[in-house]
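Here is the structure we will look at, set down as C-alpha cells.
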Amino acid sequence: MSQKIAQVIVDVPTMQTDKPFSYRIPEELADLIQIGMRVHVPFGRGNRLMQGFIVGFADEKESGGQELKSIAEVLDFDPVLNREQLTLADAMRETVFSYKISILKAMLPNLLNSSYDKILTTEDKAIAKQYFGAEQALHFSSLDESKQALMMKLHRDGKIAVQYVAQSKESIKTKKRLALADENKLKTLAIAVRAKKRLALQDFLQTQNQIGERAWDYTDLVKLYSRDVVKFFVSEGILTLSEVEVSRAQGYFDTIAPDEHKVLNSEQEAAYQAIISSQEKPFLLEGVTGSGKTEVYLQVIAHAISQGKTAIMLVPEISLTPLMTNRFIARFGEHVAIMHSGLSDGEKYDEWRKIKSGKAKVVVGARSAIFAPLHNIGAIIIDEEHETSYKQDSNPRYHARDVAIWRAKFHRAALVLGSATPSLETRARAQQNVYQLLHLTQRASAQAEIPEVEILDMRKHLNDKSASFSEVLLDKISEKIAKGEQVVLMLNRRGYSSFIMCRDCGFVPECPNCDISLTLHMDTKTLNCHYCGHTTGIPHTCPNCQSKKIRYYGSGTQKVEEELSELLPEARILRMDVDTTKKKGAHERILSSFGAGEADILLGTQMIAKGLDFPNVTLVGVINADTALNLPDFRSSERTFQLLTQVAGRAGRADKKGEVLIQTFNPDHYAIRLAQAHDYEGFYQLEMDFRRKLNYPPYFYTVQLVISHQDEEEVVKKSYEIMALLKGNLSEKARVLGPIPKPIARTHNLYHYQLLIKYRFEKNLEQALNQVLDLTQVPDNKKLRIIIDNEPQNFM
DNA sequence: AGCACGCCGACT
DNA sequence: GTCGGCGTGCTC
C-alpha cells in the first residue's frame, strides 16, 4: 500500500530550492495535515528545522531512492493559505521573477513566518561555568558576534551541543477571565465578618449578577480585591478562571459616528450603475479631485455586501490616514479590517484573522491588502491607481494592480481603478476598450471652484536672500497670514536632498560604499547615506583642503523650514515629512493641529498632497516643481504632472477661493503647463506621442535587469554576456538597451548596471529570463546578483 | 541559508 | 604530518 507524502515549499529563497520537497507524513499527523498549512521540516545535512508550506500531496514513488524525512510539526489547525492563494502564487511565479517561498510569505502577516534559532547546551562543567552562568541553555541569537564565533568553535570541538529550533512567532494574546459558576453558592456562602475584602467581593458579584453580568476580567478583580480574595472564590467553585483570546485592535470603532449614503449626482449614479451591472472588464473611474469618487466606491462596496459578498479597497500607504479610514468605518462599522504599515505585527495578525474568520467583509489597506484572504469577493477598488507604491520594490516585485486583475477574474468581481490622473498604461487600456472608461467631470460640492494656478519662472525671480523662495511667493505668504488664512507649501523632494560642500575646493562628502553624496540631517547632526545607512558626523574642516568654509546646501524640508522661519520670523510653521511622521499617530497630530489653526504654514513633502482638506487654506505653494523632471526616468513628466495636478486640487475646496503658485526653472515644460491648465486629456495625448516615438510603455512592455558585483569590470563583462544571451533568445523586434550604469552606480559596495528590454510580443521571454537566472548558479557567477524587474516603476 | 566535503598553505 | 582557511555543491 502506498502512503501519501507531502510536498513542501521550504523557506530557503534560492534557485535550487525553489521547488517542492517531499516529506513523509507521520501517522499521528495524517488526519490533521492539509494543503496550505505551515509545517516545520528537517532540512539539509544538519536537519535544521525550517518552516515550509504544504502545497500538495503525492503517492510515494516506487523509485525507492533515498529515505524521505518526516514532517516534524504542523503549525496550524486550519490552512493559512487557501486554494485561491496557492493558485495565485503559481500564476505570479510566471510574471514576478521571484521564488515561490517569497511569494507565499508575502501573502501572510509577518507574524506567521517562523524565526529560527539555535539552542546551545553543554556537558562540560568548566564551559558551563564560564559562559552559561546559571543558564541551562543559551540562545544563539542572543549572543554577540564574537561569542557566536567562539561557540561555533566549541561546537566543532564537540564541547557544545547545538539544537536547531524554528519557532512560530505567533503569540496569541490572551486575557484571563472569571466567570460565575455557582450562583446559589455565591448567595449562601458564609463569610466571616472580619474578612472585609471577601465580603466586598461577594457583594460586588451579587449586584453585578443582578444586572446580568456573569464574567469579569481577572486583572480588574485582582486590582480591586487582591489576588488571594479572588483565588478564594475560585477554590470555592463560585468563579471559574479561563483564558480567552483577545484582539488587540479593540474599540476603535466605538468613537466613530455611523454615516449614511449620500445622494449621487447623475455622473456618479451612471458610474455606479455601470460598475454594479457588469463584471466583464475592469473599470477606469477617471474623476477630478473632489468629484466624489470615494462615495462611488463606498456604494459599490455596499452593493457587494448587500449581495452577501466582500470587498477590497486599496489606497496608497501615504493616504491611508485616519481621515480616510474613518469614512469606511463610519459606513461599514465592524465589518471593516484595516491593514497598513503603522500596525505592529501583532495588530496586523489580528486584522488578518478577522478577515480569515469572515468577520471582516471590507478590507481597506495598502498594497499587500490585495492578498486579503476574503471569500466571495464582489468588488476590488484601487484608488489613486497611478501611484507607484502599488508596485513592490523588493522581492517579490509584484504590482497590486495585476494581482487585483487576477483576483477579480477569479471571483468574477467588479474591479475599479480610480484616479484623477490615471497612469498612461491604464488610460491607454481604457482607450483600447480593455477597461471601460467612466468619467466624473463635476466637482461634487457646488461652490468649490477649480483654483487659479500661477507659474512662476524662477530664472526671473531669483531671490538674493533665499535660494528656495521667490519674493513673489514670500509676499503672497505674508499677505495670507496677515488675513489670518493658512498656507500649504510643498517641497518636491524626489531626487533632491541637502548636502554639504566646501566653499573653497568644492568637496562634497560621499558615502564610502555608495556613489552618492551624503544627506545632511540637522536633527541628528549627522551625514547619512540614504542607500546603505552609513552615518558620520559633520566635519568642521574640509577633509580635502582643510578649509573651514563648509556650507550647507540643498532644500531638505528641515533646511527650508529654517530658511522660512528666518525670512518670516512671525509665521508659525509645521513641518510634515518622513522624519516628523515616523512616530505612530504623528501624522494625524500634525494635521489636526494645523486644522485647528495652531500654525500658519504647513510645510511638507508629497504626503501633504494627499487628501487633506482645510477650509482655511487659500494658498498652496510648490517650492520646486521640477526637481523630478530631470531624473533619468521616462516617467518623470508623468510623475510631475500627476503631483502638480494633485497639489493644485488641494486649494479652493471650500468657500474661499484658492490660489496655487508653482515655482519652477522649466516654466514652459508641458507637464507643468498642462498641470496648470488642469488638462489631463491634453497631457495624455502629448505624452502618448512621446512614448510612441521612443517605444516606451504603454506601447512597449519593459523588463529591467540589474546586474551587480563588487568588481566593476566583472559587472560590465557579465552584463554584455547577459545582453548577448537575451538577444540570442529574443526576436528581432525586441530591443535590449544598455548595459548602462545605474543612476547611482554603486551602493553597498556593489556596482550596478542595468539592461532594459522593450518588447511587444515575446513568447520566449520568460524562458530567456529564466536562463539569465540560471546564470547565477554557475560557480563562476556566485557573487553576481541579478534582479529581474517586470514592468519597473522606478529607475533610480 | 547553512553545512559538509575537499583541496591548499602555515604551523606544532 | 594536521589544523583550519575558504571555494563548491547539496538540501526531500
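The values are calculated or read from the model by the stated rules, or taken from the named source; none is laboratory data. From a predicted model like this one, the values you see are computed outputs, not experimental measurements. Positions of Cβ are backbone-derived with ideal geometry, glycine not excepted, and every protein chain shown enters the neighbour counts. With ligands, DNA and RNA removed, areas are computed over all heavy atoms of the protein, side chains included. Shrake-Rupley method; radii C 1.70, N 1.55, O 1.52, S 1.80 Å.
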Legend entry - Accessible-area order (highest first, 1.4 angstrom probe) of the listed residues A:Val230, A:Val716: A:Val716, A:Val230
Inset, instruction - Considering only protein heavy atoms, with the full assembly of protein chains and a 1.4 angstrom probe, order A:Ile786, A:Ile355 by accessible area, largest first. - result: A:Ile786, A:Ile355
Inset, instruction - Sum -39500 (n - 2.57) across every DSSP H segment of at least 4 residues in chain A, then divide by the residue count to get the 222 nm mean residue ellipticity, nearest 500. - result: -9000 deg cm²/dmol
Legend entry - Å² per residue, accessible surface of the range A:5-166 at 1.4 Å: 54
Legend entry - Unit charges on C-beta of K, R, D, E only; dipole of the range A:256-440, Debye: 600
Inset, instruction - Express the relative contact order of chain A as a whole percentage, based on alpha carbon pairs under 8 Å and six or more residues apart in sequence. - result: 10
Legend entry - Rg over Rh, two decimals, the range A:174-245 (C-alpha only, Kirkwood Rh): 0.94
Legend entry - Long-range HN-HN contacts of A:Leu661 with modeled amide H, under 5 Å: A:Glu454, A:Val620, A:Gly621, A:Val622
Legend entry - Among A:Ile276, A:Leu264, A:Pro509 the positive-end extreme of the charge dipole of chain A (Cβ point charges): A:Pro509
Legend entry - Long-range Cα-Cα pairs in chain A (distance over 46 Å), rounded percent: 36
Inset, instruction - With a cut-off of at most 10 other beta carbons within 10 Å, and DSSP calling the residue loop, which GluC sites (Glu not before Pro) in the range A:698-741 qualify? Please list them. - result: A:Glu732
Inset, instruction - For A:Lys348, A:Lys657, A:Lys742, A:Lys187, write out the residues from largest to smallest accessible area, computed with a 1.4 angstrom probe and no ligands counted. - result: A:Lys187, A:Lys657, A:Lys348, A:Lys742
Inset, instruction - Go through A:Phe132, A:Gly738, A:Leu631 and say which Cα lies farthest out towards the positive end of the charge dipole of chain A; charges sit on Cβ, +1 for Lys and Arg, -1 for Asp and Glu. - result: A:Phe132
Inset, instruction - Let me know the charge dipole size of the range A:576-647 about its Cα centre in debye, to the nearest 20, where only the beta-carbon of Lys, Arg (+1) and Asp, Glu (-1) is charged. - result: 260
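Calculate the FRET efficiency for A:Asn265 and A:Val234 from the Cβ-Cβ distance with a Förster distance of 51 Å, rounded to the nearest 0.05.
Rounded to the nearest 0.05, the efficiency is 0.25.
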Inset, instruction - List the residues whose amide H sits under 5 Å from the amide H of A:Ala420, counting only those 5 or more places along or on another chain, with H placed 1.01 Å from N in the peptide plane. - result: A:Gly287
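Rounding to the nearest 20 debye, state how big the charge dipole of chain A is about its Cα centre with +1 on each Lys and Arg Cβ and -1 on each Asp and Glu Cβ.
Roughly 1240 debye, rounded to the nearest 20.
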Inset, instruction - Given a cut-off of 30 Å, name the pairs among A:Lys391/A:Lys733; A:Lys4/A:Lys309; A:Lys175/A:Lys197 whose C-alpha atoms lie farther apart than that in the structure shown. - result: A:Lys4/A:Lys309
Legend entry - Against the rule of thumb 2.2 N^0.38 Å, how large the Cα Rg of the range A:5-166 comes out: 1.23
Legend entry - Per-residue HN-Hα couplings for the range A:45-60 [Karplus 6.51, -1.76, 1.60; θ = phi - 60°; Hz; x = Gly/Pro]: 4, x, 6, 6, 7, 10, 7, x, 10, 6, 10, x, 10, 8, 7, 4
Legend entry - Residues A:Ala58 and A:Glu598, FRET efficiency given R0 of 45 Å [Cβ-Cβ distance, rounded to 0.05]: 0.10
Inset, instruction - Within the set of other residues whose C-beta is less than 13 Å from the C-beta of A:Ser547, count the net charge using Lys and Arg as +1 and Asp and Glu as -1. - result: +3
Legend entry - Packing rank of A:541-548, A:111-118, A:370-377, A:568-575, where each peptide gets the mean count of other beta carbons within 10 Å, highest leading: A:370-377, A:111-118, A:568-575, A:541-548
Inset, instruction - Using DSSP, restrict attention to beta bridges with both residues in chain A and report what percent are antiparallel, rounded to the nearest 5. - result: 60
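After finding the eigenvalues of the alpha carbon gyration tensor for the range A:11-61, what semi-axes result from the square roots of 5 times each, listed largest first in whole Å?
For the range A:11-61, the ellipsoid semi-axes come out as 19, 13, 11 Å.
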Inset, instruction - Set the Förster distance to 60 Å, then compute FRET efficiency between A:Gln16 and A:Asp457 from the Cβ-Cβ distance, nearest 0.05. - result: 0.55
Inset, instruction - Provide the packing ranking of A:199-205, A:398-404, A:26-32, i.e. peptides ordered by the mean count of other C-beta atoms within 10 Å per residue, highest first. - result: A:398-404, A:199-205, A:26-32
Inset, instruction - Roll a 1.4 angstrom probe over the protein heavy atoms and tell me the percent of accessible area of chain A that is carbon or sulfur. - result: 50
Legend entry - Leading residue at positive end of dipole, chain A (Cβ point charges), from A:Asn695, A:Leu205, A:His340: A:Leu205
